[in-house]
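Please read the structure below before turning to the comments.
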Amino acid sequence: MQNSPYISLLSDYGFKATFGNEADNLFLRTALQALIKSDTPIRQVQFDKNTFEALTIDSRSGIFDLACTDENGSQFIVEMQWV
């Protein structure tokens, strides 16, 4: 394993630290906006607590349900999973 000043987004910690920060979700909102190819900024993201732990020590998995509201007031739900 190489020493690196960066944490992989593919790691459990990296994913949660990047996308699971409820206090500062600007990066998450920007990434979601780009992913859905919307010109309308996402104003609010609310995390629904749906994290499921892995079945074994060697595996990992989880689900975040995100209730989103854009600047036009449109509401939609995004489900994020990692396994």
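Among the residues of the stretch 42-73, the ones that are open to solvent by 60 Å² or more (accessible area, probe 1.4 Å), outside any strand (DSSP E or B) and at pLDDT 90 or above come to 2 in all. Residues of the stretch 17-27 being in a helix (DSSP H, G or I) and in contact (Cβ under 8 Å) with a residue 24 or more places away in the chain, which ones? Listed by number, the list holds a single entry, 19. Looking only at residues of the stretch 8-35 that are at pLDDT 85 or above and loosely packed, with under 13 Cβ neighbours inside 10 Å, we find that the one that is nearest to the chain's Cα centre (by Cα) is 27.
The values are calculated or read from the model by the stated rules, or taken from the named source; none is laboratory data. Predicted, not measured: the structure shown is a model, and the values here were computed from it. Heads up, the Cβs are rebuilt from the backbone with ideal geometry, glycines too, and the neighbour counts pull from every protein chain shown. The protein model used for the area step is the full one, side chains on, heavy atoms only, and it has no ligands, DNA or RNA in it. Shrake-Rupley method; radii C 1.70, N 1.55, O 1.52, S 1.80 Å.
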